[in-house]
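The values are calculated or read from the model by the stated rules, or taken from the named source; none is laboratory data. Source: prediction; values computed, not measured. Don't worry about glycine lacking a Cβ; one is built from the backbone with ideal geometry, like all the others, and counts go over all protein chains shown. Just so you know, the surface numbers come from the protein's heavy atoms only, side chains and all, with ligands and any DNA or RNA stripped out. Shrake-Rupley method; radii C 1.70, N 1.55, O 1.52, S 1.80 Å.
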Amino acid sequence: MSNTTLRLSGVHAKYALIETFRIPIAVIGTMVFPALALLFFVVPQEYVAQNPLYATQAVISMSVFAVMANSLFAFGISISEDREKPWDPYLRTLPVPGLSRVLGYVFSTGALGLAAIVPVLLIGGLFTAAEADPWRVVAGFVALAISAIPFMMIGVAVGYGMPSKAAIAVVQVVMFGFAFAGGLFLPPEMFASWLDTLSRFFPSRQARDLVIWAVQGGSLEPATWLGIIAWIIVTGVLALLLYRRDEGRRFH
Amino acid sequence: MTTLAHFDSVTRRYGDVTALDNVTLDIESGHIVGLLGPNGAGKTTLLSLLQGLRRPTSGTVRLFGGEPGDYRQRQRLGCTPQETALPQALKVGEILQFVGKHFDDPVPVDEIAAEFGLSDMLRKQSGALSGGQKRRLSVALAFVGRPMLVLLDEPTTGLDVDARRTLWQAVRRQHENGATVVVTSHYIDEVEALAERVIVVDEGHVIADDDLPQILGQVQGRMLRLSTPQPDAVLALDDVRHHQPENDGSHTFLVGDGDAVVTELVRESIPFSNLSMRRATLEEAFLALTEKTTA
């Protein structure tokens, strides 16, 4: 990757963030939703909320879900909407490689998604028994950022692959499928063994396991990190291919 | 003179619609080229191939000798967004800066803003600009990167006469500084005011490609305008090609030899008043050219 590619990614991310922050309510939506979900679904359940191990895992699951939802939604829908605006074909005429534009989305939308975790952590720390060392929290953030890449790339692929109305439908199906299969709603300990095995192939399960490992320690199965790397490669290639194939929206 | 853009036997289809049919064309440095044609003629497709937005179904397109889809080839290409496309929440200065950052040697924001009369509004969000100001900003964006080749797609559509003249002057100044400009328009007077070479496309074909005076010469027509109670009698005269009633009750005729037609009018004793005559414009020339192809 050349310097130009990286520099232009930063340029695109910067101006996307400036634009987003001019309409702050959009940012507040992203920031508040995961925190509310934790407040309503986890905090009232004493059994989970008062057990440090379960509470921490619940906070992690909710964080993974928040980042996944943001990646799929924000990328899939904002890209497919941008593509329908006439500004997008203009940007394509500029001397900027496709990778810079995709990374620009990662650095802007992706960064906002990670920022949305902060209120989740605050609520988790104040109202549940969840606990972690500060450096573990930092490690968790890094793990979360890495394991979010496949979701972002799926979002990018959906965004470039289909019009916005179709993107909304596909993103919802993928999001709830991944959330359930990945053990983000119900912990995988409650899964039947066949479902548990199947679940390990999902990027959502791998993301959850990676972040739990980063925050709580314990052992990390090779299948988890190998799986994440495989998903990053496959979804990354798919996203770039669909970007290159895209010629803007055309009505027949 | 160097070849900036090259089309070799280029065909582009959308499904079963053929937008460009075996077009071969070179654009050399140094001119302002007018690209004319009715809606759907293939003008925008021609430009989008050069911008790397679309690929030809067959044939080759070269930009500065390379592949337009490769972003490095577009370093010296300048394009305009549609005015409705500007990100409304960004300020004028920010948009100019953002676009400038894509180029090796961008024109400083203050300088390009002064050139296009945008200096007073650098801190305004683009959504707050008037139509004419947005249009000036859009066109300014094409020149931020000190381009060798500039593609202007309908640069002044919807602007009033003053705003159009201001923009034309700015484009001419940029051209004098060395930019080759391709301008599409359905305002014929725009092409007439700017262009030195004119390419006329219709139904995916190049039907004329020549210097402006030659294109004008291809229809050596005159527009004859007069008031008369017997327009049909005038139309029946030799060498009268086209009749258009005007709003004020007068009539305009496209005629070949104006003097001969007037002589004929008098000889036939057709009553008329308020006669005036002028050279046919490019629009009228162009109408005649497209009618020739469909005939």
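A count restricted to the stretch B:162-212 and to residues that are among the aromatic types (Phe, Trp, Tyr) and within 11 Å of the chain's Cα centre (by Cα) stands at 1. Just one residue in the set A:68, A:62 is away from every other protein chain (no Cβ under 14 Å) and open to solvent by 10 Å² or more (accessible area, probe 1.4 Å); that residue is A:62. Condition check: of a type in the set (Lys, Arg), open to solvent by 20 Å² or more (accessible area, probe 1.4 Å), farther than 18 Å from residue A:246 by Cβ and facing chain A (nearest Cβ under 9 Å). Does residue B:72 satisfy that? Answer is yes for this residue. The residue of the stretch B:98-115 that is least open to solvent (accessible area, probe 1.4 Å), among those that are closer than 22 Å to residue A:83 by Cα and without any contact (Cβ under 8 Å) to a residue 24 or more places away in the chain, is B:98.
Summed over the stretch B:265-295, residues that are at pLDDT below 65, more than 21 Å from the chain's Cα centre (by Cα) and assigned to a helix (DSSP H, G or I) total 1. Looking at A:93, A:128, which is the one that is modelled with pLDDT of 85 or more, away from every other protein chain (no Cβ under 14 Å) and buried (at least 19 other Cβ atoms within 10 Å of the Cβ)? Within the list A:93, A:128, the selection yields A:128. Counting the residues of the stretch B:1-45 that are of a type in the set (A, V, I, L, M), within 14 Å of chain A (Cβ to nearest Cβ) and open to solvent by less than 50 Å² (accessible area, probe 1.4 Å) gives 2. The residue that is nearest to residue A:19 (Cα to Cα), among those in the stretch B:49-63 that are open to solvent by 50 Å² or more (accessible area, probe 1.4 Å) and more than 11 Å from chain A (Cβ to nearest Cβ), is B:62.
Would you mind stating whether residue A:242 is closer than 30 Å to residue B:54 by Cβ, out of contact with any Leu (no Cβ under 8 Å at 6 or more places or on another chain), open to solvent by less than 50 Å² (accessible area, probe 1.4 Å) and at pLDDT 85 or above? Yes; evaluated as a whole, the condition is true for this residue. Here residue B:204 clears all of (1) modelled with pLDDT under 85; (2) at positive phi except the condition numbered (1). Can you tell me which residue is nearest to the other protein chains (Cβ to nearest Cβ) among those in the stretch A:96-115 that are open to solvent by less than 10 Å² (accessible area, probe 1.4 Å) and closer than 22 Å to residue A:170 by Cα? Filtering first and then ranking leaves A:102. The condition (being in the same structural domain as residue B:169 (by TED's automatic domain parsing), of a type in the set (A, V, I, L, M) and over 22 Å from residue A:17 (Cα atoms)) is satisfied by just one residue among B:140, B:85, B:89, B:128: B:140. Taken over the stretch B:75-97, the criterion of being in a strand (DSSP E or B), in contact (Cβ under 8 Å) with a residue 40 or more places away in the chain and more than 8 Å from every other protein chain (Cβ to nearest Cβ) is satisfied by B:78 alone.
The requirement of being in a helix (DSSP H, G or I), open to solvent by less than 30 Å² (accessible area, probe 1.4 Å) and farther than 30 Å from residue B:5 by Cβ is fulfilled somewhere in the stretch B:218-241, by at least one residue. Restricting attention to the stretch B:106-125, which residues are under 28 Å from the mean Cα position of the chain (by Cα) and either within 13 Å of chain A (Cβ to nearest Cβ) or among the basic types (Lys, Arg) (or both)? The answer is B:106, and nothing else. A single entry from A:153, A:190 fulfils the requirement of being modelled with pLDDT under 90 and on the phi < 0 side of the Ramachandran plot: A:190. Residues in the stretch A:171-201 that are open to solvent by less than 50 Å² (accessible area, probe 1.4 Å) and in a helix (DSSP H, G or I): 11 in all. Only one of the numbered conditions (1) assigned to a helix (DSSP H, G or I); (2) closer than 30 Å to residue B:136 by Cα is not met by residue B:209, and that is (1). Residues in the stretch A:15-53 that are in contact (Cβ under 8 Å) with a residue 60 or more places away in the chain and open to solvent by 70 Å² or more (accessible area, probe 1.4 Å): A:33, A:50, A:53.
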